[in-house]
Amino acid sequence: MNRPKALLPTTLPQPHRALGLAVLLVVLLLLGLFSYRLSEHFGIERMRDAASHQLDILASAIDSEVTRHASIPSAVELNPDILTLLRAPAEEQDVHQAAANHFLQKLNDHLGGPAIFVLDTSGRVVASSDWIFSDNLLGADLSYMPFFRNAVQGTPARHYAVDSVRQEPGYYFALPVRDEKQDWRVIGVAVVKSGLHELERRWLAQEAPALIVDSNDVVLLASPPEWRYATLQPKEHAALDQIGRQQFAGHPLGELSLDIDLSGAGDGVLVRLPKHLRGDLQGVKGERQYLALSRNLPGTAWRIVVFSDLRPVGVQAATHAALSVAAFGCLLLGVLYARQRRRLARGREEARALLERANQELERKVEERTADLSDAVAGLQREVGERQRAEQILRAAQDELVQAAKLAVLGQMATGITHELSQPLGAIRALAANAVEFMRRGDMATTEKNMAIVEQLIEQMGNIIGQLKTFARKSPAVNSAVDVAQAVDGALFLFDARLRREGVTVDRNLASGAWIAWCDRNRLQQVLVNLIGNALDAMQGEAVRRLSFSVDRASSGQLALAVADSGFGFTEEALTRLFEPFFTTKQPGEGLGLGLTISRDILRDFGGDLLAGPAPGGGARFVVLLPPFTGEDQEKPS
Ligand code: ADP
């Protein structure tokens, strides 16, 4: 038979497995990293879009807030009261100031909120919309402010600054006021200051950190508010002091540095805020990465910057990385599962094919064996047939032999039987003759008496002949329940005359019906006739002639019928050769030497046996062993 292919390696060797595992881990790691990076990239892109949108909103809010008062200085410039005031020499200005103040106040009230004022060419406030307040700007020197310097030189200016009077930040628009009568010379500066309260309020409402930075990188407005007046990078004190004096009413700048580089932040840049930076705004923390996106405000030197916390992107990227690794793992498991299933299916297929081959082989062998067995059975049947035939022949021969033995016995008994029959026959003849005579004489009574005796004698003869007929009948052995005492009586009956003639004492210690054997009655009787005949022969020359019968149960459970005589017993040689065919000590013509051999064969056929030995008081003793009638699976006694 072919060897099974199951020897294909189902597992990798140890080092290969470790290598495979390591490669798998590296692949998973790389995949996780790739997914993380990809997700982070798209997350940042999305965040950038959101920040850009936020910047748009902020920019438009700032623009509308800051520029809505940009045209006011033009209106101021055209007002005759203002022009009169500015044209007047310094000592006369007080006269014209009131009209100018009133105009500015009205204009301011009308426009809702901003402070409007006019400076002379020295930078002194000569008219102001807030003239009615005690802390008004009248007389204040704002010549240090950058917008003044530009405007007085004829250039409109605008910028963020903190005034030194109220310390209030604002966005200033300055326009030179020219006098057409003096060759369009600059005679003063009209200024409007927009308060940034609304902007601040909206600014602080920002969720993400956001800044407005001026051209000096100073933070003008911030959420969180602590970052106001901070610088993006550390700066020299002198420069900061100067800016502070000019623009921030001496307010100290740069005490806090955000320490971030926003060059390139127009497209978004990743920054890490320093550890010490904290904000009131919830979620603003130092030591975290933020996406900073900046935008220049058109018309100003300002930049707006918004910071977006990258943590959600990181979390999302980590989630995506984990998910992709898990998905890949699942895919891998799925592939492995499918492979395993395929392998199992292949294994099953191979096993099935193997089984089929084994089956075919088995069937072939069975067929071979069956053929062999059929031959053997046919041979056996032939042999059995032959044996049966041989047995039949043997049995027939045996039957013939038994019959021959019977006839031999009958032959030996012939003299006795003749004598037995001739006696009554003679008596019958005499009685019949007498009966005729008595009838002639008319003595019917005596005739009747004689005839009655004749009848009795005939019956006696009939009995003898009947027994002989039964004994001589050639019949196949048929087992039945046989009363041993009856069988003994039947055999003794055949020797009745001889026993009496030879004066033999018969001890028949048998109760009728006490011992029932399972055998053929006729054949048992034949055995007994043989044994009794031999015993009588052995006792012929003896003074004491005693024949005794007794039955006992052998240890094997068989019935043991002992037939003992007081004859001459056995010589040593006779004892060893008794059952040899044709062994006889008798004269030629008296014995064939087959009786005991046939008797033992007959008994063994029943399942019994025949044993011989010396009798206790001298003489011979034969034991006939017979199977007992059990009554369970045997027929009832007939
Ligand atoms: P046969 O009677 O024709 O000789 P058996 O087989 O019946 O043949 O007996 C064989 C021999 O066994 C006898 O010749 C005799 O010597 C011996 N034998 C048988 N029965 C007795 C007996 N009761 N006492 C002594 N010898 C016996």
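The values are calculated or read from the model by the stated rules, or taken from the named source; none is laboratory data. Being a predicted model, the structure only gives us computed values, none of them experimental. Here the Cβ positions follow ideal geometry from the backbone for every residue, glycine too, while neighbour counts run over all protein chains shown. For the accessible areas, the whole protein counts, side chains as well, though only heavy atoms, and no ligand, DNA or RNA atoms are used. Shrake-Rupley method; radii C 1.70, N 1.55, O 1.52, S 1.80 Å.
So that you can scan it fast, the table gives a plain yes or no per residue for (1) buried (at least 19 other Cβ atoms within 10 Å of the Cβ); (2) away from the ligand (no atom under 16 Å from the Cβ):
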{"site": "460", "(1), (2)": "no, yes"}
{"site": "469", "(1), (2)": "no, yes"}
{"site": "473", "(1), (2)": "no, yes"}
{"site": "478", "(1), (2)": "no, yes"}
{"site": "491", "(1), (2)": "yes, no"}
{"site": "505", "(1), (2)": "no, no"}
{"site": "511", "(1), (2)": "no, yes"}
{"site": "516", "(1), (2)": "yes, yes"}
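Name the single residue that is farthest from the ligand (Cβ to nearest atom) among those in the range 549-564 being open to solvent by 60 Å² or more (accessible area, probe 1.4 Å) and assigned to a strand (DSSP E or B).
553
Whether any residue in the range 205-217 is among the aliphatic types (A, V, I, L, M), within 21 Å of residue 54 (Cα to Cα) and surrounded by fewer than 17 Cβ atoms within 10 Å (Cβ to Cβ) is what I want to check. Yes, there is a match, as at least one residue in the range 205-217 is among the aliphatic types (A, V, I, L, M), within 21 Å of residue 54 (Cα to Cα) and surrounded by fewer than 17 Cβ atoms within 10 Å (Cβ to Cβ). Among all residues of the range 504-514, there is at least one that is part of a loop (DSSP other than H, G, I, E, B) and either in contact with a Leu (Cβ under 6 Å, 6 or more places away or on another chain) or of a type in the set (Ser, Thr, Tyr) (or both). Candidates 210, 205, 230: the one that is in contact (Cβ under 8 Å) with a residue 40 or more places away in the chain and either small (Gly, Ala, Ser) or within 21 Å of residue 288 (Cα to Cα) (or both) is 210. With the requirement that a residue be in contact with a strand residue (DSSP E or B) (Cβ under 7 Å, 6 or more places away or on another chain) and within 8 Å of the ligand (Cβ to nearest atom), what does the range 565-595 give you? 565, 567, 569, 570, 578, listed by residue number. Inspect the range 608-621 for any residue being near the ligand (Cβ under 7 Å from one of its atoms) and open to solvent by 20 Å² or more (accessible area, probe 1.4 Å) and give the result as yes or no. Looking for residues that are near the ligand (Cβ under 7 Å from one of its atoms) and open to solvent by 20 Å² or more (accessible area, probe 1.4 Å), one finds none in the range 608-621, hence no. Pairs are defined by a Cβ separation below 8 Å, a sequence spacing of at least 6 or placement on different chains, a first member in the range 549-569 that is closer than 17 Å to residue 615 by Cα, and a second member that is within 13 Å of the ligand (Cβ to nearest atom) and of a type in the set (Phe, Trp, Tyr); the pairs so defined are 562/622; 563/622; 564/622. On the given criteria, is residue 532 of a type in the set (A, V, I, L, M, F, W, C), modelled with pLDDT of 90 or more and open to solvent by less than 50 Å² (accessible area, probe 1.4 Å)? It is true that residue 532 is of a type in the set (A, V, I, L, M, F, W, C), modelled with pLDDT of 90 or more and open to solvent by less than 50 Å² (accessible area, probe 1.4 Å). Close contacts from the range 181-197, counting a first residue that is within 14 Å of residue 87 (Cα to Cα) and a second that is part of a strand (DSSP E or B) and among the charged types (D, E, K, R), with Cβ to Cβ under 6 Å and a gap of 6+ residues or different chains, come to 184/178; 185/179; 186/178; 187/179; 188/120. Evaluated against (1) open to solvent by 20 Å² or more (accessible area, probe 1.4 Å); (2) outside any loop (DSSP other than H, G, I, E, B); (3) within 8 Å of the ligand (Cβ to nearest atom); (4) not hydrophobic (A, V, I, L, M, F, W, C), residue 599 falls short on exactly one condition, (1). Residue 544 fulfils the conditions (1) more than 8 Å from the ligand (Cβ to nearest atom); (2) touching a strand residue (DSSP E or B) at 6+ places or on another chain (Cβ under 7 Å); (3) assigned to a loop (DSSP other than H, G, I, E, B) except for a single criterion, (2). Out of curiosity, is residue 615 over 23 Å from residue 411 (Cβ atoms), of a type in the set (A, V, I, L, M, F, W, C), out of contact with any Pro (no Cβ under 8 Å at 6 or more places or on another chain) and free of Cβ contacts under 8 Å to residues at least 40 places away in the same chain? Against the criterion (over 23 Å from residue 411 (Cβ atoms), of a type in the set (A, V, I, L, M, F, W, C), out of contact with any Pro (no Cβ under 8 Å at 6 or more places or on another chain) and free of Cβ contacts under 8 Å to residues at least 40 places away in the same chain), residue 615 does not qualify.
Summed over the range 105-129, the residues that are in contact (Cβ under 8 Å) with a residue 24 or more places away in the chain and over 21 Å from residue 89 (Cβ atoms) give a count of 8. Of all residues in the range 255-273, those satisfying the criterion of being out of contact with any helix residue (DSSP H, G or I) (no Cβ under 7 Å at 6 or more places or on another chain), in a loop (DSSP other than H, G, I, E, B) and hydrophobic (A, V, I, L, M, F, W, C) are 260, 262, 273.
Do we have any residue at all in the range 374-395 that's over 60 Å from the mean Cα position of the chain (by Cα) and surrounded by 13 or more Cβ atoms within 10 Å (Cβ to Cβ)? Taking every residue of the range 374-395 in turn, at least one turns out to be over 60 Å from the mean Cα position of the chain (by Cα) and surrounded by 13 or more Cβ atoms within 10 Å (Cβ to Cβ).
Among the residues of the range 231-250, just one is in contact with a strand residue (DSSP E or B) (Cβ under 6 Å, 6 or more places away or on another chain), modelled with pLDDT of 80 or more and surrounded by fewer than 20 Cβ atoms within 10 Å (Cβ to Cβ), namely 234.
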